[in-house]
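Undergrad: Have a look at this one.
The values are calculated or read from the model by the stated rules, or taken from the named source; none is laboratory data. Every value quoted in this text rests on a predicted model; they were computed, and no experiment measured them. Please note: Cβ atoms are built from the backbone with ideal geometry, for glycine as well, and neighbour counts cover all protein chains shown. Just so you know, the surface numbers come from the protein's heavy atoms only, side chains and all, with ligands and any DNA or RNA stripped out. Shrake-Rupley method; radii C 1.70, N 1.55, O 1.52, S 1.80 Å.
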Amino acid sequence: MKKAISYKFIYTLGIILLVRLVAHIPVPWVDAELMQSASTYTFFDFTNLFSGGAFSNFTFGAIGVSSYISATIIFQILAFFISPLRKIQQSAASQNVAKKILMIIGVLVAFISSLIMTFFLNKEYSILIDNSIRVYIVVAICQTLGSIIDIWAGEKIEEQGIGNGLSILIYVNVLASLPSIYSKIR
């Protein structure tokens with residue numbers, strides 16, 4: 001029994017380290033210094049809290065699990081109005097189908113969110129080194145990949161690790177943000 005618990009704990013820590021690594025990989029064509037100077041506003045602080053500091057550096061992990069949470073909310077709202085989705089949501093046998101639908105919606109939300117954030121941040125703060133459509137797409141793809149890794153990590157923690165994976169990742173990201181919050185308070 002102790003072996004199983006220690007394996008789950010070590011597995012969970014390994015997945016958490018992977019997510020924290022993704023939160024530090026910079027996205028190409030983003031001027032990190034300009035992004036740092038732009039991230040002095042309270043909206044950035046709030047968003048940065050749940051991404052574990054990844055948003056202020058505009059890294060692969062900037063979107064994080066928020067797209068999956070948004071996908072869950074969208075799916076629940078759609079299931080209220082669309083009968084086949086409601087049946088999928090309520091059926092225990094269809095849980096794999098529901099997870100696949102949530103993953104697809106989550107990926108789409110991550111891509112669209114990244115495009116919108118990149119557009120407005122670049123318009124306001126000129127964070128991109130190159131202003132072509134290709135750059136916007138590459139940045140969105142990079143951050144969508146980071147979001148996919150975070151969602152996958154949350155699922156793996158839930159399946160083989162300890163507890164609710166997405167909640168653990170959000171908790172770890174909040175903990176990772178505490179030093180910067182403390183320094184701003186001081």
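Undergrad: For region 48-104, which positions are touching a Phe, Trp or Tyr at 6+ places or on another chain (Cβ under 8 Å), more than 23 Å from Ile25 (Cα to Cα), in contact (Cβ under 8 Å) with a residue 24 or more places away in the chain and open to solvent by less than 30 Å² (accessible area, probe 1.4 Å)?
TA: The one that is touching a Phe, Trp or Tyr at 6+ places or on another chain (Cβ under 8 Å), more than 23 Å from Ile25 (Cα to Cα), in contact (Cβ under 8 Å) with a residue 24 or more places away in the chain and open to solvent by less than 30 Å² (accessible area, probe 1.4 Å): Leu102.
Undergrad: A further question on this structure: Counting only residues that are modelled with pLDDT of 90 or more, give me the helices (runs of 4 or more DSSP H) lying completely in region 1-103 with at least 2 of them.
TA: Filter on region 1-103 gives 2-22, 66-81, 83-90.
Undergrad: May I ask you to list the residues in region 141-186 that are open to solvent by 40 Å² or more (accessible area, probe 1.4 Å) and not in a helix (DSSP H, G or I)?
TA: Ile162, Gly163, Asn164, Arg186
Undergrad: Can you list residue pairs whose Cβ atoms sit under 6 Å apart, with the first residue in region 164-186 being under 17 Å from Thr59 (Cβ atoms) and the second being among the aromatic types (Phe, Trp, Tyr) and part of a helix (DSSP H, G or I)? Count only pairs 6 or more apart in sequence or on different chains.
TA: Going by the 6 Å Cβ cut-off, the qualifying pairs are Asn173/Phe50.
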